[in-house]
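Please treat every number below as a calculation from the coordinates, not as lab data. These numbers come from a predicted model, not from an experiment. Glycine gets a Cβ as well: all are built from the backbone with ideal geometry, and neighbour counts include every protein chain shown.
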Amino acid sequence: MEDIAGAPQCPAEAAELRDRVAAFVRDRVVPHEPVLDAGGPEAVTTLRQLQAEAKTEGLWALPLPSELGGRGLPLRSYAHVAEAEGASDHGPAALGSAPLLDALMLWCHGSPGVREQYAERLVAGDIRACYAMTEPDTPGTDPFLTATRAVPGKDDGTWRVSGRKWFISGAADADLVTVLARTDGEPADRDGLSLLLVPSDARGFRVVRELPVFGASGQWEIDLDEVVVDGDHLIGERGKALDVAGERLQLGRTLRCLRWLGQAARAFDLMRERAVTRTRSRGPLGGLQLVQRHVFESLLALRTTRPLVYEAVARLDAGLDAHVEVGLAKVAAARTLQQVADAAIQVHGAAGLGPDTALPALFRTGRAARILDGPDELHITSVARRILSTT
Ligand SMILES: Cc1cc2nc3c(=O)[nH]c(=O)nc-3n(C[C@H](O)[C@H](O)[C@H](O)COP(=O)(O)OP(=O)(O)OC[C@H]3O[C@@H](n4cnc5c(N)ncnc54)[C@H](O)[C@@H]3O)c2cc1C
């Protein structure tokens, strides 16, 4: 894989794990990507098999808290593993890192009952969770307008949740859905939003339809029709959802950046290999200057993005505010994945668009990366505003 220039030295505790995870993803996960991408029962069986192998090999749940059954790797160490793990979109689920954000959220902000009921099972991979903020009829970039409502039940401490969410990753297979809903005030109020943990087998919860992204499965639209939720399933303080969501998004975006770096490095390797091995009458494609330019620009993008991502990692790991660093890293990493995958497709010619390489999937992830977890524009304006307000 493209060497890891631009990253700080990998802590000793993580170096061996990083190499073993890289081999696991390359040799076990990547060959199953077509099945996993297609979704459905075969994908579920394959994922279960990979998860069992990861557990047997001691590679399971590396960044999850040890109190919950994880390995407890701190972020500064896990970051290096996350790049290797993220080389495939399915790496985090296969290796048990995918529930990190949900497990931490329940651990830090869930009631004792919720923690006891779900947290360890989530880390063990026995149940799955997803996170539902975005709605079809209100802009996801303006959560204050959230239309989903939760109203108190009849003096029994319960909530009744109603609304519609879409582009919710993994919703069809989730046992628990964390739903952002307005519990107080009116649309556009800055306070009054809350997070509720909704069991997907509750009456009134429905998966409406799948929303394929460039043909790939994984995103879903869901409907909640007066779903009754126990009072202790409120996550964090009533009306203060955005404090919890903000904390979760900072770490979540940084983890995604690391995984996108892993995928961009994979696209780069495919491009390099093709440039060297595909030969015209006057020599390999890599001898052409315009192909060399693709290689140069891609390497430049990778090596200028990686330090930005590790700066965000360092600040989060130290417990410091990282809004500017995460914003810079998120925009840079998404652009880099899209750019490098696009260049690699170009160098492959038609083969880059066909079914024989991972490039279409890598490009798809790069394109979606510029929208999910906040589109580029949101991060650009938010970073610029912060910088301008401090001068
Ligand atoms: C693959 C994928 C997975 C996803 N997974 C989840 C999930 O699990 N859970 C979940 O809740 N959501 C998920 N989403 C939704 C995602 O987070 C939202 O799509 C995103 O936050 C943008 O919201 P929106 O689509 O409503 O766009 P809108 O808010 O309608 O914005 C549309 C466009 O307006 C422009 N714009 C918006 N704000 C600004 C601004 N401040 N300045 C300039 N221009 C601006 C941008 O061009 C933006 O793309 C996922 C999306 C994708 C594609």
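Here's the picture: charge each Lys and Arg Cβ at +1 and each Asp and Glu Cβ at -1 in the chain, and of Thr254, Gly283, Val30 the one pushed furthest to the positive end of that dipole is Gly283. Net charge of the neighbourhood of Ala43, taken over other residues with C-beta under 14 Å away and scored Lys/Arg +1, Asp/Glu -1, is -4.
Net length available on complete extension from Asp175 to Asp142 is 9.2 nm, with 0.36 nm assigned per residue and the Cα-Cα distance removed.
Based on Cα contacts under 8 Å between residues 6+ apart, the stretch 129-235 shows a relative contact order of 31 percent.
Binning all Cα-Cα separations of the stretch 245-391 at 10 Å, short to long from zero, yields these whole-percent fractions: 12, 38, 28, 15, 6, 1. Near the amide H of Thr158, within less than 5 Å, lie the amide hydrogens of Gly153, Gly231, all on another chain or at least 5 residues away, with H placed in the peptide plane. Summing Lys, Arg as +1 and Asp, Glu as -1, what charge do residues with Cβ under 14 Å from the Cβ of Gln250 carry, Gln250 excluded? Residues close to Gln250 contribute a combined charge of -1.
For the stretch 261-313, applying the loop criterion from DSSP together with a ceiling of 10 other beta carbons within 10 Å to the trypsin sites (Lys or Arg not before Pro) yields Arg282. Put a plus charge on the Cβ of each Lys and Arg, a minus charge on the Cβ of each Asp and Glu, and nothing anywhere else: the dipole of the stretch 12-106 about its Cα centre is then about 180 debye. Here the chain is assigned +1 on the Cβ of each Lys and Arg and -1 on the Cβ of each Asp and Glu. Its dipole about the Cα centre then comes out at about 1360 debye. Within the listed set Thr336, Thr277, Thr46, the residue fluctuating most in the Gaussian network model of the chain (springs between alpha-carbon atoms under 10 angstrom) is Thr277.
The charge dipole of the stretch 129-235, taken about its Cα centre with unit charges on the Cβ of Lys, Arg, Asp and Glu (plus for the first two, minus for the last two), comes to roughly 180 debye.
With semi-axes defined as the square roots of five times the eigenvalues of the C-alpha gyration tensor, the equivalent ellipsoid of the chain measures 36, 23, 21 Å, largest first.
Once C-alpha pairs closer than 8 Å and six or more residues apart are averaged by separation and normalised to the residue number of the chain, the relative contact order reads 15 percent.
Each listed q (0.18, 0.22 Å⁻¹) maps to a log10 I(q)/I(0) for the stretch 16-104, found by the Debye formula over equal Cα scatterers with no solvent: -0.72, -1.05. As a rough footprinting exposure proxy, the listed residues Thr254, Thr158, Thr279 were ranked by other beta carbons within 10 Å of their own, and the order from fewest upward is Thr279, Thr158, Thr254. Subtracting the Cα-Cα distance of Ala202 and Val228 from 0.36 nm times their residue separation leaves 8.6 nm of extension gain. Taking the Cα centroid of the stretch 120-145 and of the stretch 147-218, what is the distance between the two, rounded to the nearest whole Å? If you average the Cα positions of each part, the centres end up 8 Å apart.
Taking Lys and Arg as +1 and Asp and Glu as -1, the other residues whose beta-carbon sits under 13 Å from that of Glu67 total 0.
What residue among Leu59, Cys10, Ser77 has its Cα farthest toward the positive end of the dipole of the chain, where the charges are +1 on Lys, Arg and -1 on Asp, Glu, each on the Cβ? So the residue furthest toward the plus end is Cys10. Compute the long axis of helix 376-389 from its Cα atoms, compare it with the longest principal axis of the Cα atoms of the chain, and write down the angle in degrees, 0 to 90, nearest 10. The angle comes out near 80 degrees. Karplus-based coupling profile of the stretch 309-323, in residue order and whole Hz: 5, 6, 5, 4, 4, 4, 5, 5, 4, 8, x, 9, 4, 10, 4, with θ = phi - 60° in 6.51 cos²θ - 1.76 cosθ + 1.60 and x standing for Gly or Pro. Residues in the stretch 94-99 carry Karplus couplings, in order, of 5, 9, x, 8, 4, x Hz; the curve used is 6.51 cos²θ - 1.76 cosθ + 1.60 with θ = phi - 60°, and Gly or Pro positions show x.
Ranked by how many other Cβ atoms sit within 10 Å of their own Cβ, fewest first, the residues Asp269, Asp201 fall in the order Asp201, Asp269. With the simple model of a label 7 Å out from the Cα in the direction of the Cβ, Leu353 to Asp184 spans 5.5 nm. For a straight C-alpha distance cut-off of 16 angstrom, the aspartates and glutamates reachable from Lys240 (same-chain residues fewer than eight places away being disregarded) are Asp142, Asp184, Glu186, Asp189, Asp191, Asp232. The stretch between Ala15 and Arg209, if pulled fully straight at 0.36 nm per residue, gains 65.6 nm over its current Cα-Cα span. A helix-only calculation puts the chain at -15500 deg cm²/dmol for mean residue ellipticity at 222 nm, using -39500 (n - 2.57) for each DSSP H run of at least four residues, averaged over all residues.
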